[in-house]
Amino acid sequence: MAVTPVVVCINRAGFAVARRVADHLGVALHGRASRVEGCDVTFPDALVHVRDLFAAGVPVVGVCASGILIRAVAPLLSDKRGEPPVVAVSDDGAVVVPLLGGHRGANRLARDIAAALGGAAAVTTAGDVALGVALDEPPVGYRLANPDDAKGVMAALLTGTGARLRGDAIFDLPDDPAGGVEIAVTEGPETGGATRLVYHPQRHALGVGCARGCPPDELAALVAGTLAEAGIAPGALAAVGSLDLKADEGAVTALAASLGVPLRLFTAAQLETQAGRLETPSDVVFAEVGCHGVSEGAALALAGDDGALVVAKRKTANATCAVARAPVPLAGPLPGRARGRVSLVGIGPGASAWRTPEASRLVAEADELVGYGLYIDLLGPLAAGKPRADFPLGGEEDRCRHALERAATGRDVALICSGDAGIYAMGALVWELIARGDGHGGVSDAARRVEVVSAPGVSALQAAAARAGAPLGHDFCAISLSDLLTPRDDIVKRLHAAAAGDFVIAFYNPVSRRRRTLLAEAREILLGHRPAETPVLLASSLGRPEEALVWRTLETLAVDEVDMLTVVLIGSSQSRMVTTGDGPRMFTPRGYARKLAEA
């Protein structure tokens, strides 16, 4: 889904304007807590809040001084092509300034806001100011084939060079037949250059089908040859379409990714509605999948009722493709559905400072959120306004199954986990449900075909180690002391192995209300293999305001000091403590002293 902007209000003086802007754009208004009332979302720290939104790829419209927005996002600036728009609006609405992302929508957004407020858009981008156009931001439905050349062509125009125009007039520029640069709008595969920009109207839709396990290179070569033979540029494609049974077909997903267009999926019944328009209907295909044509049907379904086949089905041993053309660029919402995605998002301890930009981005992109309610709440403003499905502790299978089945309908679902989703969290369970399959306590076939991606998070193990010093400087392991899912005998076996191996150990789930003996048993097992003075850190609520760190030795470790929110970090026989001005720290030598002594 496209990420919508957020309007941010810092103080009461700008509230009225901020509310007008939010209502005009139809987006949420975020306000500084204790300073602004009547907002959809509140936040305590403006710099942190704007930085979090920006890191997640959310366009920000700040009704505040430009300097506040600049200071907030400055540490994150790196690639102007990937940064979301940032727009500053004065408290009185008289001036609207696009600060970042001018050619990624900020200039257009600023003009829209200024018109609504009766103010002025202070656009400073050279091309917009002098010529009123941004050559690297073509209209929706058109694609620039050689964006790297746009800057040089714009510079030439600013020096007075005229432009030769060919094809659709997509920019408000005069046509100069003798101009030194060319603006070509064409559906054909033409090459641009330093003085020639080539734009493709995305009027074509590509339908594909293939056998299970089709080599990606085979489908890619078929498509490339078909487009070349028909004189259609890859950039003139708006989407790739196929049967929903091919949602997880590697050749199909790789093709859409390589072409940089969305993959849209159709049921057999939807494709069969195109049967009367097919040039090569097949009873064999109908018997196999329930429609008379996949590639032609998908191309026609994408192109719409006014579209027509321009390339009938072409095929190889394992693949087919066809192309349909619409009379206008396919710029609106496309027919069919997306593949669907489950993002396994590890949010670390929950604080935004310990949440990766990738995790924030996946949350911002998601259509809906699924998880334990507390974890979703920890997302704060990123979760505001998004549909969410909260599940209690103990409902792990239900929440993972729900996320997968929702994604099977084409939704982008973020499954929120604390720490890292792959470490004692939902990642393994998602894959287990997929592996079980339908009818075996798993998920539907459609859910098994969704895309699953994972964003790593700061685990409790890492957080505790960072607070401790460097206890993981040498070999370490993690053991969960919960016998809810792991037989107690297996846990004891692992404790003996870890003790004998002299690993630094992180104990997850060390105790619960009903389970109080395993931690004491673990302590006794470890005391048989390492010194009584081995350092131990009890770390609770890491990264949160109530964070607590308690130092003990292995001998003095007491079960009653530990709760469900505590990670117990136990050093190896080689772990040492060092006292600093900032307090005690634990480290485990890697062996550099021995290496130096042997040199």
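Please treat every number below as a calculation from the coordinates, not as lab data. Computed from a prediction, not measured in an experiment: that's the story for all the values here. Reconstructed Cβ throughout: ideal geometry from the backbone, glycine too, with neighbour counts over all protein chains shown.
When only C-alpha pairs under 8 Å and at least 6 residues apart count, what is the relative contact order of the chain, in percent?
Rounded, it is 8 percent for the chain.
State to the nearest 20 debye the size of the charge dipole of region 341-458 about its Cα centre, where the only charges are +1 on K and R beta carbons and -1 on D and E beta carbons.
Charge dipole, region 341-458, about its Cα centre: 140 debye, nearest 20.
Take the alpha-carbon centre of region 229-304, take the same for region 393-441, and report the distance between them in whole Å.
Rounded to whole Å, the Cα centres lie 29 Å apart.
Evaluated at 10 °C with a viscosity of 1.306 mPa s, what Stokes-Einstein diffusion coefficient in µm²/s does region 165-292 have when Rh comes from the Kirkwood expression over alpha-carbon pairs?
In µm²/s, the coefficient is 95.
For the chain, compute Rh as the Kirkwood radius over C-alpha pairs and then the Stokes-Einstein diffusion coefficient at 37 °C and 0.692 mPa s; write the answer in µm²/s, rounded to an integer.
118 µm²/s
Quick one: which residues, 5 or more positions from VAL133 or on another chain, have an amide H under 5 Å from its amide H? H modelled 1.01 Å from N in the peptide plane, none for Pro or chain starts.
Residues meeting the criterion, in which the H sits 1.01 Å from N, are ASP128.
Once you have a ≥ b ≥ c as the square roots of the Cα gyration tensor eigenvalues for region 6-124, tell me rounded if a/c is under 1.5, and otherwise prolate or oblate according to whether a/b is larger than b/c.
Because a/c hits 1.5 or more and a/b fails to exceed b/c, region 6-124 counts as oblate.
Considering the dipole of the chain built from charges on the beta carbon (Lys and Arg +1, Asp and Glu -1) around the Cα centre, which of ALA331, GLY193, PRO174 is farthest to its positive end?
My answer, from the dipole projection, is GLY193.
Mind checking which aspartates and glutamates have their Cα closer than 19 Å to the Cα of LYS246? Skip sequence neighbours fewer than 8 apart in that chain.
ASP217, GLU218, GLU272, GLU288, GLU296, GLU405, ASP412, ASP438, ASP445, GLU451
Restricting to DSSP H runs of at least four residues, report the calculated mean residue ellipticity at 222 nm for the chain, -39500 (n - 2.57) per run over all residues, nearest 500 deg cm²/dmol.
Using -39500 (n - 2.57) per qualifying helix, the result is -8500 deg cm²/dmol.
Report for the chain the percent antiparallel among DSSP-assigned beta bridges with both residues inside it, nearest 5.
Within the chain, antiparallel bridges account for around 40 percent of the total.
Which Cys residues of the chain have no other Cys beta carbon under 4.7 Å away?
Among the cysteines of the chain, those whose Cβ sits 4.7 Å or more from every other are CYS9, CYS39, CYS64, CYS291, CYS321, CYS400, CYS417, CYS477.
Please order GLU187, GLU555 by the number of other Cβ within 10 Å, starting at the fewest.
Final ranking by Cβ density, sparse to dense: GLU555, GLU187.
R0 = 25 Å: FRET efficiency of ILE70 with ALA428, Cβ-based, nearest 0.05? Walk me through the numbers before you get to the answer.
Details: r = 43 Å, r/R0 = 1.71.
With R0 = 25 Å, the Cβ-Cβ based efficiency is 0.05.
If each residue's Cβ is checked for other Cβ atoms within 10 Å, how do MET426, MET564 rank with the fewest at the top? Intermediate results must be reported in sequence, preceding the final value.
Details: MET426 26, MET564 13.
So the residues, fewest neighbours to most, are MET564, MET426.
Just to be sure I understand the model, the point goes 7 Å from the Cα along the line to the Cβ. What's the resulting ARG166 to ALA221 distance in nm?
3.2 nm
Quick one: Karplus J couplings for region 437-446, per residue in order, coefficients 6.51, -1.76, 1.60, θ = phi - 60°, nearest Hz, x for Gly and Pro?
With the stated coefficients, region 437-446 comes to x, 5, x, 10, x, x, 10, 5, 4, 5 Hz.
Would you compute, for the Cα atoms of region 142-201, the largest minus smallest coordinate along each principal axis and list the three values in descending order, in whole Å?
28, 21, 17 Å, listed from the longest principal axis down.
Ranking ILE70, ILE376 by Cβ neighbours within 10 Å, fewest first, what do you get?
On the way: ILE70 16, ILE376 22.
Final ranking by Cβ density, sparse to dense: ILE70, ILE376.
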